[in-house]
Structures are given as C-alpha cells and as structure tokens.
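Enquirer: What follows is a single structure, and I will ask about it in a moment.
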Amino acid sequence: MSDLVARAQLIMLAETLGVPPERVRHLERLGAENLRSLRERISNLLFDEQSATFARMSRLAPLVPNGLVARVSQAIVPPLVAGRAAGALGVDHPGRAKGVLSDLSPQYMADCAPFLDQRTVAVLAPNIPPALLIPAANELMRRKAYVTASWFLDYATPEALLDLEAGIPDKAGLLHTTSLVQSDERLEQIVRLLPTERLAVIVRTAVESPELLMAGLSLLARLSPELAADLGDILFEQLDDDGLTEVLRTVVGQDAIPELLTVAAAVREDALRRIAADPFLTEPATLEDFVDAAVEHDRWEGLLRVAEHLSGEAGRRINRAAKSAAKSAGNSAANTKAKAS
C-alpha cells in the first residue's frame with residue numbers, strides 16, 4: 001500500500017490519541033495496514049471502557065425530548081463527551097438521530113464529530129439524511145478536518161455520496177477527504193460513482209499546491225489501472241511544461257516517487273512522453289532517486305514505461321538497473337520489460 005496512505009494513517013492515529021503526529025512518527029515503519037489496525041484497537045478500547053456509562057444514558061434517553069437534548073447539549077455538554085456518547089445513543093435509538101441532529105448547529109456537530117466511535121459511524125452514516133450532514137461537512141472542510149470527514153465517506157450510501165459531492169463547494173477539501181478513505185475497494189466505488197465531469201473538477205485541483213498533489217497521487221495510486229489511467233490523463237493535461245517540472249520536484253521532495261511510478265504504470269502514452277521529456281527527470285540526481293525508489297518499492301513497470309520514451313544514457317541507466325534488480329531479486333516484471341527495451 002502507498003507510503004502516503006501510511007502517513008495518513010499516522011495522522012489518524014495521532015488524532016485518536018490526542019497528540020501531535022510528531023509524537024508517533026516513529027510508528028510509520030509499521031505500514032498502513034498495521035497502523036490502521038493499531039488505531040482501531042486503541043479507539044475501540046477507549047469507547048469500550050465507557051460502555052457501562054453509555055448503557056445507563058441510553059436507558060434514560062427515551063424520557064427526554066429531542067429538542068431538549070439538543071439545547072442542553074449545545075449549552076453545557078463538552079463536544080468530547082457529547083461525541084463519545086452520541087454514537088452509542090444513536091445506535092440504540094436510531095429513530096431519534098434525525099430529530100436531534102436537526103436541532104444541532106453545524107458548528108456543534110463538527111465539534112463533536114472527531115469524538116465519535118467509528119464503529120457507530122458505520123451504523124449511523126447510512127441513515128442520516130444528506131441535508132443534515134452537508135452543513136456539518138462544509139464546516140469540517142472549513143476546519144480542514146479531513147480525517148473526520150473521511151469516516152462518513154467510508155459508510156455513506158451512493159445517494160448520499162452524490163448529494164455530499166454536489167453540496168460541498170470545496171473540491172480541494174473533497175480531494176483531501178477522499179484520499180483518506182481507508183479501503184481501496186471503497187475508494188474505487190466512490191470514484192466510479194461520481195460523474196466524470198464532476199470527478200474531473202476534483203482531480204484538477206491536485207495541481208494547485210504540493211499538499212493537494214500528494215493527496216491526488218495517493219488517490220490515483222490506489223485505484224485500478226483503468227481508472228488511474230483515465231484520471232491520470234486528466235491530471236497531466238492540466239500541467240504546462242513548468243508545471244510538470246514543479247510536480248516532479250515536489251514528488252522527489254515529498255518522497256512520493258513510488259506513487260508517481262504506480263500512476264506511470266497505468267497512464268497512457270501521451271502522459272509518459274511528457275514525463276520523459278521533462279529535463280528535471282534526466283538530471284543525474286533525479287534519475288538516481290527514481291531508480292532507488294523502483295528498487296526499494298518494486299515499481300519497475302512504471303519506470304520502464306517512462307524509459308521507453310527516453311534516449312541516450314538516461315534510458316540505458318534505467319534498463320541496466322532493471323536488469324540488475326531482476327537478476328538479484330528474481331523480479332520477473334522488471335526482467336521482462338528490461339529485455340524488451
């Protein structure tokens with residue numbers, strides 16, 4: 001799985017623990033899947049410790065009118081407490097969730113959202129009308145709370161996803177949020193669901209900043225080759241020559257070469273020719289970085305596809321490295337491609 005996904009999981013873990021990401025940076029070596037498992041276990045333990053308290057509150061819930069619950073909560077209940085309790089109460093009394101949420105301000109819902117038990121989000125999200133979620137979702141976008149927003153994308157119904165995409169004007173925020181969806185299969189479903197013209201608007205925002213480019217590459221690298229090719233072509237079409245050079249510089253500086261090579265394995269020939277023609281790529285230091293990434297992460301297919309459009313020493317350097325890697329590690333893909341070059 002993508003290294004960028006591992007970094008995202010590290011941020012999620014830090015939020016669960018309530019600490020800065022730097023405090024848990026040493027755990028990045030565990031990889032995305034192990035970090036996700038660790039975070040989920042910690043989150044479950046935090047909520048399970050309070051299950052008895054939630055159970056007592058749940059028994060009292062039917063006695064209190066929805067409007068009163070909303071007014072009292074916003075007036076005196078801290079978001080941490082409300083968020084942790086709300087999920088359990090919503091699962092026990094699903095019919096009341098809509099009534100209570102309709103009386104809460106988007107700001108208060110956004111305050112509470114990071115403290116929800118993610119297991120209850122899976123139950124609640126499909127049953128909450130998008131009209132109630134969209135104002136809170138826009139508030140989360142304004143706060144750049146993309147991790148929290150991504151939990152709802154994980155479980156929203158297809159109809160709700162379409163409504164959310166249409167109701168959130170911050171397409172850069174949507175790109176960030178979508179790139180944090182945890183399951184590759186779910187990410188593929190979401191991307192395929194969105195109409196092409198609306199999806200293209202989101203993808204095109206990736207060229208607006210280095211941070212957005214990392215989100216865009218992370219998303220593309222997790223998709224099926226067919227879909228990555230379609231969206232990758234849209235991304236590269238937005239770049240003039242200077243823009244492409246800046247993208248390559250950003251990729252090297254942000255250690256995102258493996259993601260770019262994954263995308264390069266999927267995109268069509270026009271995009272490959274443009275990458276190969278960029279003078280920054282053939283600088284010795286850059287070429288060395290790309291070869292090292294292909295060796296470490298086994299991304300030879302993408303690099304060798306680029307090399308097909310390189311002439312001179314740059315192309316020969318890549319093919320020699322691929323043959324050496326194939327010989328030492330038995331990499332059949334690299335071996336096959338290198339022999340054909």
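The values are calculated or read from the model by the stated rules, or taken from the named source; none is laboratory data. The model shown is predicted, which means the values in this text are computed figures rather than measured ones. Cβ placement follows ideal geometry from the backbone for every residue including glycine, while neighbour counts extend to all protein chains displayed. To get the accessible areas, we keep the full protein, side chains included, count just its heavy atoms, and leave off ligands, DNA and RNA. Shrake-Rupley method; radii C 1.70, N 1.55, O 1.52, S 1.80 Å.
Enquirer: In whole Å, how far is the Cα centre of region 143-171 from that of region 251-309?
Expert: 32 Å
Enquirer: How long is the gain from Thr196 to Ser37 if the chain were fully straight, where each residue apart is worth 0.36 nm and the alpha carbon distance is subtracted?
Expert: Details: separation 159, 0.36 × 159 = 57.24 nm, distance 3.33 nm.
Answer, rounded to one decimal: 53.9 nm.
Enquirer: At a 1.4 Å probe radius, carbon and sulfur cover how many percent of the accessible area of region 101-259? Kindly include the intermediate steps, with their values, before the conclusion.
Expert: Working: 3490 of 6390 Å².
On region 101-259, the fraction of accessible area on carbon and sulfur atoms equals 55 percent.
Enquirer: Please state the relative contact order of region 95-174 as a whole percent: Cα pairs under 8 Å, 6+ residues apart?
Expert: Numbers: 58 pairs, mean separation 27.4, N = 80.
Value for region 95-174: 34 percent.
Enquirer: Please give the FRET efficiency for Glu308 paired with Val81, using the beta carbon to beta carbon distance and R0 = 45 Å, rounded to the nearest 0.05. Walk me through the intermediate numbers first.
Expert: Values: r = 59 Å, r/R0 = 1.32.
Efficiency at R0 = 45 Å is approximately 0.15.
Enquirer: Tell me, in nm to one decimal, what length is gained between Arg143 and Ser328 on full extension, where the rule is 0.36 nm per residue of separation less the Cα-Cα distance? Show your work: numbers first, answer last.
Expert: Values: separation 185, 0.36 × 185 = 66.60 nm, distance 4.90 nm.
Residue separation times 0.36 nm, minus the Cα-Cα distance, leaves 61.7 nm.
Enquirer: By average Cβ neighbour count within 10 Å, what is the ranking of 292-298, 247-253, 210-216, 310-316 from highest down?
Expert: On the way: 292-298: 16.9, 247-253: 18.4, 210-216: 20.9, 310-316: 14.6.
In decreasing order of mean packing, 292-298, 247-253, 210-216, 310-316 become 210-216, 247-253, 292-298, 310-316.
Enquirer: Using a Förster distance of 22 angstrom, determine the FRET efficiency expected from the C-beta separation of Ser209 and Leu17, and round it to 0.05.
Expert: Numbers: r = 28 Å, r/R0 = 1.26.
Computed FRET efficiency for Ser209 and Leu17 comes out at 0.20.
Enquirer: Starting from the Cα of Gln238, step 7 Å along the direction of its Cβ; do the same at Arg274; then give the gap between the two resulting points in nm.
Expert: Computed distance between label sites Gln238 and Arg274 equals 1.1 nm.
Enquirer: Using 0.36 nm per residue of separation minus the Cα-Cα distance, give me the extension gain between Ala166 and Gln189 in nm, one decimal.
Expert: Working: separation 23, 0.36 × 23 = 8.28 nm, distance 1.70 nm.
Gain on extension, Ala166 to Gln189, equals 6.6 nm.
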